[in-house]
Amino acid sequence: MSEQIPVEEFTKVESIFVRHRNVLAVRAQFTPIYTDYYLHLMQHQLRNPPELDGMLKDLLAALTLHVVARPWAETIAWTVNLRAPRVNFFATGSSLEELVTGRLFTENVREPDRNLFYSQTTTQPGAEPRTSTLQVDGNDPLFWIEQYYTQSEQRPCRAFRLEDETYILFVAQPDYDEEWFAALDEATAATLERDQETKLLETRRFRFRCGCDLDRILPILGGWRDKPEELFGDEDKITIQCPRCAARYVVTRDML
């Protein structure tokens with residue numbers, strides 16, 4: 001009997017410096033995060049349309065790599081409001097907690113006159129977040145992050161999908177090799193260590209997890225404590241969804 005290979009519980013994110021090119025490469029294989037994501041959908045009886053599901057997974061991967069490319073102690077949230085399909089994507093990640101989560105909004109989504117990308121970065125609890133808004137083109141989350149870097153980070157990046165649910169983000173550093181950077185493609189990314197002199201800077205471990213529960217959801221409903229009929233109508237219980245991960249929680253009148 002062949003020995004069973006254990007499945008990693010975490011997605012290992014590697015920060016790699018490409019010597020002589022002055023470029024940071026951040027790479028990860030996302031099967032563990034995607035496994036947790038689908039277990040989350042099953043637990044809460046959720047199902048996303050296949051095309052949108054793939055786009056959300058790409059966005060989760062892009063955000064995770066971006067969080068690792070940024071300084072420590074940041075929590076970053078991205079919201080993307082698309083015209084067609086009319087949908088909102090949400091993803092958020094924490095560098096310190098090494099967690100990422102996200103969801104789709106497909107109901108009651110306003111139709112914008114263009115695709116809008118919103119980014120919010122918080123460095124410490126209670127601090128005023130740093131926000132930016134930009135127009136993005138297309139329906140590819142990896143192209144969105146390249147546009148975001150150009151407009152908000154003021155430096156270029158390149159992002160690629162590789163085989164086996166592996167993604168890699170290249171971020172330009174001062175005095176980077178512009179010609180080499182512009183010529184990057186999937187093939188070059190897949191053979192990075194073979195063809196370039198590299199140094200592994202650090203490794204982090206990320207999971208798909210929100211951390212929400214009823215104790216965090218109920219305070220949001222406190223405003224209806226004195227007017228439960230407006231919240232429940234003729235029902236004895238309602239279902240509330242977490243705004244970050246779409247988890248479903250049943251709330252009864254006596255819980256308020």
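The values are calculated or read from the model by the stated rules, or taken from the named source; none is laboratory data. Predicted, not measured: the structure shown is a model, and the values here were computed from it. Here the Cβ is made from the backbone with ideal geometry for all residues, glycine too, and neighbour counts use every protein chain on show. Note: areas computed on protein heavy atoms with side chains; ligands, DNA, RNA excluded. Shrake-Rupley method; radii C 1.70, N 1.55, O 1.52, S 1.80 Å.
Remark: relative contact order (the range 118-158) = 25 percent; criterion is Cα-Cα distance under 8 angstrom and separation of 6 or more residues. Annotation: lysines with alpha-carbon distance below 22 angstrom to Lys12 (same-chain offsets under eight excluded): Lys57, Lys199.
For the range 47-145, give the percent of accessible area contributed by carbon and sulfur heavy atoms, probe 1.4 Å, rounded to a whole number.
47 percent
Multiplying the sequence separation of Met255 and Ala190 by 0.36 nm and subtracting their Cα-Cα distance, what value in nm do you get? Walk me through the intermediate numbers first.
Details: separation 65, 0.36 × 65 = 23.40 nm, distance 5.29 nm.
This chain segment gains 18.1 nm when fully extended.
Only helices at least 20 Å long along their own axis, judged from Cα atoms, and with Kyte-Doolittle mean hydropathy of 0.5 or greater: name those in the chain from DSSP H. Helix filter hits for the chain: 50-69. The amide H of Glu74, built 1.01 Å from its N in the peptide plane, has Ser95, Leu96 as neighbours under 5 Å, considering only residues 5 or more places off or on other chains. The label-point distance for Arg248 and His44, in a model that sets each label 7 Å from Cα toward Cβ, rounds to 1.1 nm.
Assuming a ≥ b ≥ c are the square roots of the Cα gyration tensor eigenvalues, decide whether the range 1-107 counts as rounded (a/c under 1.5), prolate (otherwise, with a/b larger than b/c) or oblate. Cα axes put the range 1-107 in the oblate bin.
When a/c reaches 1.5 or more, the comparison of a/b and b/c decides; with that in mind, is the chain rounded, prolate or oblate per its Cα gyration tensor? Verdict is prolate for the chain.
In the full protein context, the chain carries 56 Å² of accessible surface per residue, based on a 1.4 Å probe and ignoring ligands, DNA and RNA.
Each residue of the range 118-125 was assigned a 3J(HN,Hα) from its phi angle through the Karplus expression (A = 6.51, B = -1.76, C = 1.60, θ = phi - 60°), giving 10, 10, 9, 10, 10, 9, 7, x Hz with x at Gly and Pro.
In whole percent, what relative contact order does the chain give with Cα contacts below 8 Å and a gap of six or more residues? Relative contact order, the chain: 24 percent.
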